[in-house]
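A.B. asks: Shown below is the structure under consideration.
The values are calculated or read from the model by the stated rules, or taken from the named source; none is laboratory data. Bear in mind that the values here come from a model prediction, so they are computed numbers and not experimental data. Every residue, glycine as well, gets a Cβ built from its backbone with ideal geometry; the counts of neighbours run over all protein chains shown. To get the accessible areas, we keep the full protein, side chains included, count just its heavy atoms, and leave off ligands, DNA and RNA. Shrake-Rupley method; radii C 1.70, N 1.55, O 1.52, S 1.80 Å.
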Amino acid sequence: MHHIGVEHRFFHHFTAEGTTPDLCILLVTHLLPDRPLFIETLAQIGRIGAILPKPKSIHADTLAWVARQYPIIELDRRWTASPGDVLARVLPLLRPHERLLILDIGGYFATTLAALHRALGERFLGVVEMTENGHQRYEAQAAPQVPVLSVARSFLKQAEDVQIGLSVVYSAESLARSLNRTFNACQAALFGYGKVGHSIAAELRRRNLWLDLVETCPLRQVEALSHGFHLADKASALARAELVICATGNGALSSADLLLLQDGAMLASVTSADDEFAFTLAELGWPSQEICHRVLRLARPDGTFIYLLNRGEAVNFVHGAVIGEYVYLVLAEIIEGVRLLATRQRAGGLHELPTAVMRDIARLWLADFHGVKG
């Protein structure tokens, strides 16, 4: 445990250079209890034009605090994918001569980068993206004309991803226990062996589950085998599973896949439902009932049931997605990304922070949070 105030001291390292002139920040964020300090730190670097809360991770008290100080824009993928809607909502936020920088979580503005660039030219500085899902969305764009600085695959993000995996398993088991079930000797299927998937798989192994791993990338398949995990095809894994955890961010399961699950199977997602599943509850049209806190029971056409943990949304947000002080590593990366794009010209395309910058962040974090110096 660290003493109160260490977060302020840590963030102070990244605000010592003062405010960047004429900078407007559009912030997509989880509104968790740890975010006000991060938001206040960003406000020391540039003016926050608006905050766009991620819809499924809003803490009521944090939202109330934000609403008293900043404009709030409701976030969804419909208007952020429409050039006309994006320009109509974003351009009025800018003051004359201000430059725009977007901090994104999930690639919301990937398909409208070109429209913003056409409208603002060099006044649009680019995007800082936090997640692997968002990284892939920006990567899919043909030669983006503005820089996208991604922290999704950095050394520091890997440390956070380990903690995310642990929090996913903790929250999934907590909800399973509300159904009077445990993970001991449970048959599980894990979709995705990326960075978070690594951590989830290792934690499930420690908790004595039988695990089928479903991964489509040959390189990750080889890696999973070398780590001693059993590879399975989708249909076989779903037919056996009592628990399914999806960690792909790429629409891993369709409505047809849900019919393959055995009666009583539990389904959990690592990301938001609209990213992880290729179906919506409205499209399914199956009768549903919340039978206990944050557990939704779906009645399939044959009369059997499956259970959506946290109603199909990111399961670790049941407990606030708590990952301890590791979150500050990535928040510091985002702050440094803002400073880098605001003060140095970058070509279009995907970029990462220089290794030397990440090393400095790690050194400061180790000293402030763990007393490790040298």
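A.B. asks: Tally the residues that are within 18 Å of G107 (Cβ to Cβ) and free of Cβ contacts under 8 Å to residues at least 12 places away in the same chain, restricting the search to the stretch 45-80.
C.D. replies: Total meeting the criteria: 2.
A.B. asks: Report, by residue number, each residue of the stretch 59-76 that is surrounded by 15 or more Cβ atoms within 10 Å (Cβ to Cβ) and farther than 28 Å from P21 by Cα.
C.D. replies: H59
Here's the yes/no breakdown for (1) hydroxyl-bearing (S, T, Y); (2) in a loop (DSSP other than H, G, I, E, B):
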| site | (1), (2) |
| --- | --- |
| Y170 | yes, no |
| E173 | no, no |
| N184 | no, yes |
| D212 | no, no |
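A.B. asks: Condition check: open to solvent by 10 Å² or more (accessible area, probe 1.4 Å) and among the small types (G, A, S). Does A110 satisfy that?
C.D. replies: Taking the combined requirement at face value, the residue does not satisfy it.
A.B. asks: Another question, if that's okay. Please go through the stretch 1-51 and pick out each residue that is part of a loop (DSSP other than H, G, I, E, B), closer than 18 Å to I72 by Cβ and open to solvent by 30 Å² or more (accessible area, probe 1.4 Å).
C.D. replies: Answer for the stretch 1-51, where residues must be part of a loop (DSSP other than H, G, I, E, B), closer than 18 Å to I72 by Cβ and open to solvent by 30 Å² or more (accessible area, probe 1.4 Å): just P33.
A.B. asks: Report the residue count in the stretch 176-208 for those that are in contact (Cβ under 8 Å) with a residue 24 or more places away in the chain, farther than 21 Å from V162 by Cβ and open to solvent by 10 Å² or more (accessible area, probe 1.4 Å).
C.D. replies: Total satisfying the criteria: 6.
A.B. asks: Residues in the stretch 321-356 that are touching a residue at least 24 places away in the same chain (Cβ under 8 Å) and either among the aliphatic types (A, V, I, L, M) or outside any helix (DSSP H, G or I) (or both): how many?
C.D. replies: So the answer is 22.
A.B. asks: Only one residue in S154, S171, S150, S167 is polar (S, T, N, Q), open to solvent by 10 Å² or more (accessible area, probe 1.4 Å) and in contact (Cβ under 8 Å) with a residue 40 or more places away in the chain. Which one?
C.D. replies: Checking each option against the conditions leaves just S167.
A.B. asks: Let me ask another. Which residue is farthest from the chain's Cα centre (by Cα), if the candidates are limited to the stretch 105-132 and must be among the acidic types (D, E) and not in a strand (DSSP E or B)? Give the derivation first.
C.D. replies: Start the filter on the stretch 105-132 by keeping residues that are among the acidic types (D, E), which leaves 122, 129, 132.
Keeping just the survivors that are not in a strand (DSSP E or B) gives 122, 132.
Numbers: E122: 28, E132: 7 Å.
Checking each candidate, the answer is E122.
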